[in-house]
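Before any comments, here is the structure.
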Amino acid sequence: MRRILLTQSQATILLSSAVIFVFTLVLFLSGYVIQQRTLSGLQAAIKPWVPPAPPRPGQSLPAALASSRHFSGIDKQQLLSLTKDVDWTRLAHVQIARTHHDVCSAIMVLAELRKSKSPARRMLMFPLDWAMTKNTRGDYSDPELSSSRRLMKLAARRYGVELRPIHPVSSVYTIASAFALKEVDRVLALQAPGLVLDAMALDALLAFYEETAPLAVLDGESEDATDLMLLQPDQDAHGSLIKQIHVNYNDSLLPTLLEPARLSFALQTLAPLHSLMPDDYFDGEGFLKNASYLRFRDPKLPGPEYDIPYSERVAARPKNKDADWTWTKLYGRFAQKRMEICGLELETWRP
């Protein structure tokens, strides 16, 4: 048998080809593994998180649900059934923008719900006139309208917000218009501006709360009661409300027009921070630990969306050092999210 002898150049070529083949195979397998991990991560990130039903009396909470602020300190008996077949297309988080000033704060709430993977629908109600007014290209006669339209288009495209123009009732734009929504069974409305702290708890309330009354509000002071409203669309209730709404109406009066159910829920405002004395103990983490939503109601300042002169802001700060740190951090967090979501800096405050 004749032996085939390779020349030095042929052996070099063969060895080089083998090395190239091995490295190519290793790179291919590495890329495939990375691709599969990336796809799995994207699928997990895109998939909405659906909160489980609350436990039966005597059962322990699942670990994921027990971490929710909503289930750590409120009455669990206010939650309804154990059904897992929740039709999230019939449930909605709704915000209302009555003026151009309200648009960004309303979108911020809906955007945070989207980022938290809330499976419920997100709707923004706004004056019908904004949709009917026609602007030609290059027409900057109403910059506020142009800005609002830009923000609403961004909200629809980026955060899946459904835009719902509404008619005024006695020249008033009201959340009562949500009673006319036929395609949903329940609506949760939060007063803006605010920060969503626990979307899981808000979704659980929206899906499992047991009351069947057309309206449920917070059990507390009258000015706080409408910070959170749970509505069940009803044509009869809508028709009755339209007849009662007058020019000087605002949504804080809505509970006086209906007989609402009262619910306990963990919302927080900034008012308690101002009641602390310099030497009082304050737990900054505990302040928001059981809260699902922070409503920016501050007796010292008009709102977190305003750039207040430095001297006035210093005078408005809490006296307690630890409370002041939390207060400053929350205002800074709001300003940062306003820029991230709306691309807007704080507005100049004009008393």
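The values are calculated or read from the model by the stated rules, or taken from the named source; none is laboratory data. Worth saying up front: this structure is predicted, and the values here are computed from it rather than measured. Cβ atoms come from the backbone with ideal geometry, glycine included; neighbour counts cover every protein chain shown.
Does Ala237 count as in the same structural domain as Met125 (by TED's automatic domain parsing), within 14 Å of Val94 (Cβ to Cβ), of a type in the set (Gly, Ala, Ser) and out of contact with any His (no Cβ under 6 Å at 6 or more places or on another chain)? Give the derivation first.
Values: in the same structural domain as Met125 (by TED's automatic domain parsing): yes; within 14 Å of Val94 (Cβ to Cβ): no; of a type in the set (Gly, Ala, Ser): yes; out of contact with any His (no Cβ under 6 Å at 6 or more places or on another chain): yes.
Answer is no for this residue.
Looking at the stretch 171-271, what strands (runs of 3 or more DSSP E) fall wholly within it and have at least 1 residues that are in contact (Cβ under 8 Å) with a residue 24 or more places away in the chain, among the small types (Gly, Ala, Ser) and under 28 Å from Lys300 (Cα atoms)?
Working: elements: 186-190, 194-196, 215-218, 228-231, 261-263, 267-269.
It comes to 186-190, 194-196.
Return yes or no: is Ala316 in contact with a Leu (Cβ under 9 Å, 6 or more places away or on another chain), in contact (Cβ under 8 Å) with a residue 40 or more places away in the chain and not assigned by TED's automatic domain parsing to the domain that holds Leu181?
Values: in contact with a Leu (Cβ under 9 Å, 6 or more places away or on another chain): yes; in contact (Cβ under 8 Å) with a residue 40 or more places away in the chain: no; not assigned by TED's automatic domain parsing to the domain that holds Leu181: yes.
Here the answer is no, as Ala316 does not meet what is asked.
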Discussion item. When you check Arg150 against the structure, is it exposed (fewer than 14 other Cβ atoms within 10 Å of the Cβ), without any contact (Cβ under 8 Å) to a residue 40 or more places away in the chain and part of a helix (DSSP H, G or I), yes or no?
Written reply: yes
Practice prompt. At least 3 residues that are under 20 Å from Met108 (Cα atoms) and in contact with a helix residue (DSSP H, G or I) (Cβ under 9 Å, 6 or more places away or on another chain) in each: list the helices (runs of 4 or more DSSP H) lying fully within the stretch 274-350 that qualify.
Written response: 321-342
Fill in: Residue that is surrounded by the fewest Cβ atoms within 10 Å (Cβ to Cβ) [pool: residues in the stretch 157-216 that are more than 17 Å from Val109 (Cα to Cα) and β-branched (Val, Ile, Thr)]
Thr212
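On the given criteria, is Phe282 within 24 Å of Ala216 (Cα to Cα), touching a Pro at 6+ places or on another chain (Cβ under 9 Å) and outside the structural domain of Met200 (by TED's automatic domain parsing)?
Values: within 24 Å of Ala216 (Cα to Cα): no; touching a Pro at 6+ places or on another chain (Cβ under 9 Å): yes; outside the structural domain of Met200 (by TED's automatic domain parsing): yes.
So Phe282 does not fit the description; no.
Do you know which residues across the stretch 217-240 are hydrophobic (A, V, I, L, M, F, W, C) and under 23 Å from Val109 (Cβ atoms)? Let's see the steps before the verdict.
The initial filter retains those residues of the stretch 217-240 that are hydrophobic (A, V, I, L, M, F, W, C), namely 217-218, 225, 228-231, 237.
Within the stretch 217-240, Val217, Leu218, Ala225, Leu228, Met229, Leu230, Leu231 qualify.
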Worksheet item: Within the stretch 84-99, can one find any residue that is touching a Leu at 6+ places or on another chain (Cβ under 7 Å), more than 27 Å from Leu344 (Cα to Cα) and either of a type in the set (Asp, Glu) or modelled with pLDDT of 95 or more (or both)?
Response: yes
Worksheet item: Among Pro119, Pro165, which is assigned to a strand (DSSP E or B) and touching a Phe, Trp or Tyr at 6+ places or on another chain (Cβ under 9 Å)?
Response: Pro165
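Could you please let me know if Thr133 is closer than 26 Å to Tyr249 by Cα, in contact with a Leu (Cβ under 8 Å, 6 or more places away or on another chain) and without any contact (Cβ under 8 Å) to a residue 24 or more places away in the chain? Step through it out loud before you land on a result.
Working: closer than 26 Å to Tyr249 by Cα: yes; in contact with a Leu (Cβ under 8 Å, 6 or more places away or on another chain): yes; without any contact (Cβ under 8 Å) to a residue 24 or more places away in the chain: yes.
Considered against the rule, which asks whether it is closer than 26 Å to Tyr249 by Cα, in contact with a Leu (Cβ under 8 Å, 6 or more places away or on another chain) and without any contact (Cβ under 8 Å) to a residue 24 or more places away in the chain, Thr133 comes out as yes.
For every residue, the table says whether it meets (1) loosely packed, with under 14 Cβ neighbours inside 10 Å; (2) at pLDDT below 95; (3) not charged (D, E, K, R).
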site	(1), (2), (3)
Gln232	no, yes, yes
Asn248	yes, yes, yes
Pro255	no, yes, yes
Leu288	no, yes, yes
Arg350	yes, yes, no
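Each row is one residue, and each column tells you yes or no for (1) surrounded by fewer than 18 Cβ atoms within 10 Å (Cβ to Cβ); (2) hydroxyl-bearing (Ser, Thr, Tyr).
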| position | (1), (2) |
| --- | --- |
| Ser264 | yes, yes |
| Leu276 | yes, no |
| Tyr293 | no, yes |
| Trp325 | yes, no |
| Thr328 | yes, yes |
| Phe334 | no, no |
Response to the item:
Residue hits (the stretch 276-303; in contact (Cβ under 8 Å) with a residue 40 or more places away in the chain and touching a Leu at 6+ places or on another chain (Cβ under 8 Å)) are Phe282, Leu288, Ala291, Ser292, Tyr293, Leu294, Arg295, Phe296, Arg297
